[in-house]
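S.K.: I'd like to ask some things about the structure below.
The values are calculated or read from the model by the stated rules, or taken from the named source; none is laboratory data. All values derive from a computational prediction rather than experimental measurement. Note that each Cβ is placed from the backbone with ideal geometry, even for glycine, and that neighbours are counted across all protein chains shown.
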Amino acid sequence: MDKISEIKEYIKKVYLAYNRPFVVGYSGGKDSTVVMQLVWDAIEELPREQLKQDVHVISTDTLVETPYIIDYVSTTLEQINEAAREKDLPIYAHRLTPLYKNSFWVNLIGKGYPAPSRQFRWCTERLKIEPVNRFISEHVDKWGEATVVLGARRDESSSRSQVLSKKIRDHMGLSKHPTLPAAFVFTPIEDMTTDDVWSYLLSHKCQWGGNNRDLAAMYQNASGGECPMVVDKSTPSCGSSRFGCWTCTLVQQDTTMENLIDNGEEWMTPLLEFRDWLSETQDVEQKAKYRSHKRRDGQVAYVRDGTRIAYGPYKLEWRKAFLERLLKIQNDIQKTGPDPTVRLISFEELEFIRDFWREEEWTDSVPEIYRRTTSDGHIWLNDDGVKFSQEDFQLLKQFCEEEGINPALLTKLIDQERRTQGMNRRAGILQKIDRIFAEEWRTEEEILDSLGLQNDIQ
């Protein structure tokens, strides 16, 4: 029996051995495509009376996926559902997204989280892990347990091989899910090599009507034409590139996006430039320029040796600059890109950002920036309560300067009052006011002078 047949038989045994559904992770890449095709084949080859458990195909759209692949994945999910219904198979595809309050832009532009780094990789949990865990958790109560099928392979990297080797498995080779107690992880293709993967994809017809050579062409374009293997003379070059978030700053250089641009996707150039700008803000020399000296809790933190400030979120002025540039890029892509309806940031995210900003300023900047950069006539919801103008803030600022008070303190106190205006019960208002007073209200220069610290960071 060849390797592919062995894997399919293995999938059948696992499917029949447990009274729980499959949840197949699908990203649109080569490994998850192989897993999905093998699971499909295995399920379709079983007698219909044995198909008692559903197969749920889940694909996570982080809302900042590379636009080049979004349409491909969305189309594939639709094809899977249509083909499964035609063939009367219990296979269901789902597109998962993070909650808007957890989205990349709400965290980065709204709250001011710095661009993700290896030291502060806040994006993975919120954008990828949480939506999957939420889907499984919502269904586990109904199912009892679930088998999560993933396309992890030892051949991917030495670290992935070590992770797979260390897993504690049951008699069928499944391991406990790291965060969900009622879920079990199944990795049927872990011993396939990259050559095995491409050989299978380019020699097996896609059961839901897709074309694996389109996938190979995407890898070719994204990898600059490099390819680890060739099946025959008609096989296109297909590298080992990875598709992911176009905003990713966990790598120094986004070679995938650069290669896509070099291979004809020039409309993506502004995305790459924006991504590089975010990466620039991570530089040690740039932190004092882009980021506040206070954390989001209003306190000042210091690095371990206590001689330097550990900078907090992005300053509001830069978050405004990020949003304006992002909206301009969105306008340009709608005009020059392949999809005139593409949105890089949703209105739901803009409303969350607007709410966070109103805690820091009186002017309602989000609608103002949107109107300045777009012309679609979107109608913004009005806030209830007292409205303050820029003129009001200038007057308050003048009084504060005369009395030697930080205007940001009074702005936040008044905003807290505004948020509770008209409520029958204002429970906790005194505690909230106490927390505002407990924040650090000295300027960065005053703190550095008082402690004899250098305006330097590490």
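S.K.: With respect to the numbered conditions (1) under 21 Å from the mean Cα position of the chain (by Cα); (2) farther than 28 Å from SER74 by Cβ; (3) among the aromatic types (Phe, Trp, Tyr), which one is the sole condition not fulfilled by PHE352?
M.R.: Here PHE352 meets the rest and fails (2).
S.K.: Starting from residues that are acidic (Asp, Glu) and in a loop (DSSP other than H, G, I, E, B), keep the ones in the stretch 290-330 and report whichever is surrounded by the most Cβ atoms within 10 Å (Cβ to Cβ).
M.R.: The first filter runs over the stretch 290-330 and keeps only residues acidic (Asp, Glu), leaving 297, 305, 317, 324.
Those left that are additionally in a loop (DSSP other than H, G, I, E, B): 297, 305.
Numbers: ASP297: 12, ASP305: 7.
That would be ASP297.
S.K.: Do any helices (runs of 4 or more DSSP H) entirely within the stretch 115-204 hold 3 or more residues that are buried (at least 18 other Cβ atoms within 10 Å of the Cβ) and either modelled with pLDDT under 80 or not assigned by TED's automatic domain parsing to the domain that holds VAL284 (or both), and if so, which? Working first, answer last.
M.R.: Values: elements: 130-143, 158-166, 194-201.
In the stretch 115-204, 130-143, 194-201 are the helices (runs of 4 or more DSSP H) which contain 3 or more residues that are buried (at least 18 other Cβ atoms within 10 Å of the Cβ) and either modelled with pLDDT under 80 or not assigned by TED's automatic domain parsing to the domain that holds VAL284 (or both).
S.K.: Can you tell me which of ILE345, ILE333 is in a helix (DSSP H, G or I) and surrounded by 16 or more Cβ atoms within 10 Å (Cβ to Cβ)? Don't jump to the end; show me each part of the working.
M.R.: Working: ILE345 fails: in a helix (DSSP H, G or I).
So the residue among ILE345, ILE333 that is in a helix (DSSP H, G or I) and surrounded by 16 or more Cβ atoms within 10 Å (Cβ to Cβ) is ILE333.
S.K.: Taking into account only those residues within the stretch 1-52 that are acidic (Asp, Glu) and either part of a helix (DSSP H, G or I) or at pLDDT 95 or above (or both), which is farthest from the chain's Cα centre (by Cα)? Step through it out loud before you land on a result.
M.R.: The initial filter retains those residues of the stretch 1-52 that are acidic (Asp, Glu), namely 2, 6, 9, 31, 41, 44-45, 49.
Applying the additional criterion that residues be either part of a helix (DSSP H, G or I) or at pLDDT 95 or above (or both) yields 6, 9, 31, 41, 44-45, 49.
Values: GLU6: 35, GLU9: 35, ASP31: 20, ASP41: 31, GLU44: 33, GLU45: 36, GLU49: 40 Å.
Taking the candidates together, the pick is GLU49.
S.K.: Moving on to the next point. When you check LYS101 against the structure, is it in a helix (DSSP H, G or I), modelled with pLDDT under 90 and closer than 30 Å to PHE274 by Cβ, yes or no? Spell out how you get there, then give the answer.
M.R.: Numbers: in a helix (DSSP H, G or I): yes; modelled with pLDDT under 90: no; closer than 30 Å to PHE274 by Cβ: yes.
No; evaluated as a whole, the condition is false for this residue.
S.K.: Another question about this same structure. Restricting the search to the stretch 415-451, which residues are modelled with pLDDT of 75 or more and at positive phi?
M.R.: GLY428 - this is the single residue of the stretch 415-451 that is modelled with pLDDT of 75 or more and at positive phi.
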